[in-house]
Amino acid sequence: MSSERSLLILYATETGNAQDAADRIARQCRRIAFQCRVLSMDAYSLPELISENLVIFVVSTTGSGTEPRSMTALWKMLLRSDLPADLFEDLPFAVFGLGDTSYEKFCWAAKKLARRMSSLGALEICGRGEGDDQHRLGLDGALQPWMEKLVETLLQLYPLPPGTEAVSEEEVPPPRVSMEEATSDALDACSDPLQDDGMFHTAVVKVNKRITAEGWYQDVRHLEFDFQDDIKYAPGDVAVIHPVADAAEVEAFLTMMNWGNIADRPFVITHTMEDQSLPDHFPRVTTLRTLFTRYVDFNAVPRRTFFQYLRYFTTDELEREKLDEFLSAEGADELYEYCHRVRRTIQEVLADFWHVKIPKEYIFDVFPPMRPRQFSIASSVLKYPKQIQLCIAIVRYRTKLKIPRRGVCTTFLAALCPGDTLRIGIQKGLLRLPPDTQTPVVCVGPGTGVAPMRSLIEERVHHGSLLNTLYFGCRSATKDQHYGAEWRVLSTDKKVVYRVACSRDGPEGVKRTYVQDLIREDAQRIWELVGRAGAWVYISGSANKMPAAVKEAIAFAVETYGKYDAEGAKAYVDEMLDRWARNEHQHSMNVHETQRIFLPKKGTGLKLVVGTGSLTRSLALAVHCPALLPKMAKLHLASRPVM
C-alpha cells in the first residue's frame, strides 16, 4: 500500500476508553483502504512525528484538564518555546477528545493539543470531536458521528485508488486474532505475563475490614497489603489491580454461551490484526475459562459496536431486524432505553438475543477487555515501609430494572482474606508535595477522596510539618467518617487542623453542611493560608459539583479578606490552578522522562532555509532533535545560525 494511505493513530488513556476509540477509528479507516498504526503516545518515537503523512490523536482528559500520563512526553516536547512555527507545516491531523462535562475543563487535553499542533503549522482536516461520558449514549454519542465525518473527509482528500472500493459495513471485519488448539503441555509451559511484569509486585493481604457501620448503605473497606519487594511510591500515586471475575458467574456465562464443554480446552492465540489491541498481560496460550475470568468483560454495559457484531452473528431474522433498528439513527433512543438507561449488561443482552453464535476468534472484538482498576494509595511508604493501604468503596447498586449490580474489581477485593496474594502495580499520580515542609497545605477530600489526602498528610507529618489542614465530608459522623479516630488524634497533637462536614446529621429542614460551607466559614483563615502563607490546596473526590463549589468558596475568602472584587477573586483562584499546572509541567520535564527528547535551548538552534512540506518538517525536527540526524546523513543542509 502506498505511503499516501498510511495513517498513524496515537492515543493517550488512563482507563482504556481512548484506546478502545482508537481501535474503532482504525477499523473505519481500514474500510477505505488506509493502513493504520495504532500506538500509545508513550510507545511512539516522538521525533518521528514530523515525518508522518497523516496523524489522528485520540486523547482522554484526567483530573482538572490534565493530560494522561502517556501523553506527558509528547506534550512537554510540543510546549518548547524554541520550536519553529512551521515545524509541522501542512501536516494533516485530527483530534478526538474524551471527557466528562461534569468536570470543569471538559476535553481540555484534546483542545490544548489541537491548538498547539495548529500553532506549529499542522493542518486540522476534521473538526475536533468531543466524547462526553455524560451523554445518554456515552462516548458513542459523539464518536459515531465523528467517525462518519472523518471517513467522509478522508475520502475527499484521499480518493480511493482506481479499482478499489470501500468495504461495506455490512461485511464482517476480520477478527483481530486467530485461535488454534494447543496441548496441555503448551498451556503448562506458558508463563503468566502479569507474574513476569517487573512493574507489578506480589502482595499479601494483611487486613481487609469494613470501616463504615454495619447496615450503612455503602460498604467502604480499608485494605492493607504487605510486600517482600522494597516498593517505592509517593502521595497521590495509585495502585493498579487486575480484577478477577467471580468463578460461579463465569461458569454460568460459559454455560449460557454453550462453551461449557470446551471451557478448559487450551488454545494458542495469534494476533493477526495489528491495528487492533488486545488486553493487558495477555498469555499466548490459555483457555476460554481463563479469558472470561481475567481478560474480557461480560458484565460491562455494551457499546454500539457490540450490537453491530450481534447483527453479524445472529441466525434469526427477527433479531436481525431489531438490531437494525438499534443501529439506525432513528433507533438511537430505543437503544438508549433498552441498554444504557437501565445499564443492561452484555450477558443480559446475549440472553435476549439467544440466536447469536459468536465465533471464538471474535471474542476480543465482541467483548471489551477487562481493564485494570486504579485506586489512590491511602498510606505513606515512609510510615508503612513495604506496605500499601487502600480505602475502597465496594460498588453495589440496583439498576432501574431493580437488578442488583456489583463492580467486578471491588467484589474481587471485598472477598480477599488475610494471606491471599495478588499482583499490584504502582503508577505515578498527579499530586506533588511542596518542596518546603513549612509551606501550609489545605486538603479537601470527601468520602473515599480522603485516600490520597491520608497519604499526603502522613508523609508531611513524618517530615515534621504541622501546617496541615483537612476538610473531610461524609453523611454521618458515626456511620461513614473514614479514619475519624486518626484525624482526631492528629488534631489533638496539633499536627492537623481537622474540619468535618456531616451532611445528614443535622435536623430535618435545616440546610445541609458540606466541605465548601466549612471553607466559607473559615474564610479569614483560608485567606491567611492561601493569600499570605502561600498554601497549596488539594482537592480529591467527587466529579460532580464539589470541586467547583470548593473553588468558589476559596474565591469568596479571597474576595472577602483579600479585598479583591468578585472577578478578581475568581481570576486569583484560576491563577493558582495555572501556576500549579506550569510548575507541574516543569517538574515533569525535570524528573519524569518517559522518553528522552534532545532539544537545544533557545538561540542555539539552526534556522533552515531549504525544503518544503514534509521535508521541511523532517529537517526542522532533525535540527531540534539530533537523534534524527543519523537517518538524514545524505541530506545537505543549507543553514545559518540564529542571531
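The values are calculated or read from the model by the stated rules, or taken from the named source; none is laboratory data. Note that the structure is a prediction, hence the values are computed from the model and not measured. Don't worry about glycine lacking a Cβ; one is built from the backbone with ideal geometry, like all the others, and counts go over all protein chains shown.
For the stretch 328-392, which helices (runs of 4 or more DSSP H) that fit wholly inside it have 1 or more residues that are of a type in the set (A, V, I, L, M), under 19 Å from LEU288 (Cβ atoms) and touching a residue at least 12 places away in the same chain (Cβ under 8 Å)?
346-352, 363-366
With respect to the numbered conditions (1) under 18 Å from GLU249 (Cβ atoms); (2) at pLDDT below 95; (3) surrounded by 20 or more Cβ atoms within 10 Å (Cβ to Cβ); (4) touching a helix residue (DSSP H, G or I) at 6+ places or on another chain (Cβ under 7 Å), which one is the sole condition not fulfilled by ARG371?
Here ARG371 meets the rest and fails (4).
Evaluate the following for PRO418: is it touching a strand residue (DSSP E or B) at 6+ places or on another chain (Cβ under 7 Å), exposed (fewer than 15 other Cβ atoms within 10 Å of the Cβ) and in contact (Cβ under 8 Å) with a residue 40 or more places away in the chain?
Yes: the conditions hold for PRO418.
Checking the condition of a type in the set (D, E, K, R) and more than 28 Å from ALA213 (Cα to Cα), which residue from ARG460, ARG475, ARG488 passes?
Within the list ARG460, ARG475, ARG488, the selection yields ARG460.
Do we have any residue at all in the stretch 453-464 that's touching a helix residue (DSSP H, G or I) at 6+ places or on another chain (Cβ under 6 Å) and either of a type in the set (A, V, I, L, M) or under 28 Å from GLN218 (Cβ atoms) (or both)?
Of the stretch 453-464, the ones touching a helix residue (DSSP H, G or I) at 6+ places or on another chain (Cβ under 6 Å) are none.
No, the stretch 453-464 has no match at all.
Among (1) part of a strand (DSSP E or B); (2) in the same structural domain as GLN228 (by TED's automatic domain parsing); (3) of a type in the set (Ser, Thr, Tyr), where does TYR397 come up short?
(2)
So is SER118 modelled with pLDDT of 95 or more, touching a Phe, Trp or Tyr at 6+ places or on another chain (Cβ under 9 Å), among the hydroxyl-bearing types (Ser, Thr, Tyr) and not in a loop (DSSP other than H, G, I, E, B) or not? Talk me through it step by step, then tell me what you get.
Working: modelled with pLDDT of 95 or more: yes; touching a Phe, Trp or Tyr at 6+ places or on another chain (Cβ under 9 Å): yes; among the hydroxyl-bearing types (Ser, Thr, Tyr): yes; not in a loop (DSSP other than H, G, I, E, B): yes.
Yes, satisfied.
Answer yes or no: is there a residue in the stretch 164-174 that is in contact with a strand residue (DSSP E or B) (Cβ under 9 Å, 6 or more places away or on another chain) and surrounded by 14 or more Cβ atoms within 10 Å (Cβ to Cβ).
Taking every residue of the stretch 164-174 in turn, none turns out to be in contact with a strand residue (DSSP E or B) (Cβ under 9 Å, 6 or more places away or on another chain) and surrounded by 14 or more Cβ atoms within 10 Å (Cβ to Cβ).
Could you tell me which residue of the stretch 181-229 is surrounded by the most Cβ atoms within 10 Å (Cβ to Cβ), considering only residues that are of a type in the set (Gly, Ala, Ser) and within 25 Å of the chain's Cα centre (by Cα)? Walk me through how you get there before you give the answer.
Going residue by residue through the stretch 181-229, those that are of a type in the set (Gly, Ala, Ser) are 182, 184, 186, 189, 191, 198, 203, 213, 215.
Narrowing further to those that are within 25 Å of the chain's Cα centre (by Cα): 198, 203.
Details: GLY198: 7, ALA203: 25.
It comes out as ALA203.
Identify, from the list LYS105, LYS76, the residue that is of a type outside the set (A, V, I, L, M) and out of contact with any helix residue (DSSP H, G or I) (no Cβ under 8 Å at 6 or more places or on another chain).
It is LYS105.
Suppose we keep only residues that are in contact with a Phe, Trp or Tyr (Cβ under 6 Å, 6 or more places away or on another chain) and at pLDDT below 90 within the stretch 51-98. Which one would you say is nearest to ASP237 (Cα to Cα)?
Top of the filtered list is GLU67.
Could you please let me know if ARG320 is among the basic types (Lys, Arg), touching a residue at least 40 places away in the same chain (Cβ under 8 Å) and either surrounded by fewer than 19 Cβ atoms within 10 Å (Cβ to Cβ) or touching a helix residue (DSSP H, G or I) at 6+ places or on another chain (Cβ under 8 Å) (or both)?
When the stated conditions are applied, ARG320 does not pass them.
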